[in-house]
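Engineer: One structure, pasted below without further comment.
The values are calculated or read from the model by the stated rules, or taken from the named source; none is laboratory data. As the structure is a prediction and not an experimental result, all values here were calculated from the model. Ideal geometry is used to build each Cβ from the backbone, glycine not excepted, and the neighbour counts take in all protein chains shown.
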Amino acid sequence: MSKTSHQGPAETLRDGFVKVTIWSNEGEKGPFFTATVAKTYEKDGKYYDGHSFNASDLLVIAELARLAYQDIRERRAALSREAQEAPEPKV
C-alpha cells in the first residue's frame, strides 16, 4: 500500500460556483498533484460542496480542468528544475 501525506490545496480555480482544487501531496516516490471538481451551494445559511453539475456547468468544468492541467504541468516542471539544480549530497 502506498503511504501518502496530504499537504493541502496548492491552488483553487473558480468560475462562479464551480471550482477545481489542485492538491499537493507527498508520496513514497516524491511529490504529486491531484485535482477535485466541486460546485458550491448554500443551504440554510451554510455553504457546501456538491458534485452534481448541470449542462451549463460542463463547459466551465472543461475550461477549469484545462487551466488546472496547465498549472500542474508548471508545478511539475518547477519541481524538476529544483531537483536538477540541487547540489549533490556530500559523502
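Engineer: Within region 42-66, restricting attention to residues that are without any contact (Cβ under 8 Å) to a residue 12 or more places away in the chain and in a helix (DSSP H, G or I), which residue is farthest from GLY16 (Cα to Cα)?
Structural biologist: Residue satisfying both the conditions and the ranking: ARG66.
Engineer: Within region 13-34, how many residues turn out to be in a loop (DSSP other than H, G, I, E, B) and among the hydrophobic types (A, V, I, L, M, F, W, C)?
Structural biologist: Result for region 13-34: 1.
Engineer: Taking region 39-57 only, how many residues are loosely packed, with under 14 Cβ neighbours inside 10 Å and within 18 Å of the chain's Cα centre (by Cα)? Give the steps one after another, and end with the answer.
Structural biologist: Going through region 39-57, the residues loosely packed, with under 14 Cβ neighbours inside 10 Å turn out to be 40-52, 54-56.
Now restrict to residues that are within 18 Å of the chain's Cα centre (by Cα): 40, 49-51.
Of the residues in region 39-57, 4 are loosely packed, with under 14 Cβ neighbours inside 10 Å and within 18 Å of the chain's Cα centre (by Cα).
Engineer: Oh, and also: Can you name the residue in region 58-91 that is polar (S, T, N, Q) and modelled with pLDDT under 95 and is also surrounded by the fewest Cβ atoms within 10 Å (Cβ to Cβ) among such residues?
Structural biologist: That would be GLN84.
Engineer: Hey, another quick one. Working only within region 5-38, note down all residues that are loosely packed, with under 13 Cβ neighbours inside 10 Å, modelled with pLDDT under 95 and in contact with a helix residue (DSSP H, G or I) (Cβ under 9 Å, 6 or more places away or on another chain).
Structural biologist: GLY30
Engineer: To continue, here is another question. Consider SER2 carefully, then state whether it is hydroxyl-bearing (Ser, Thr, Tyr), over 16 Å from LEU67 (Cβ atoms) and either at pLDDT 95 or above or surrounded by 15 or more Cβ atoms within 10 Å (Cβ to Cβ) (or both).
Structural biologist: Criteria not met by SER2.
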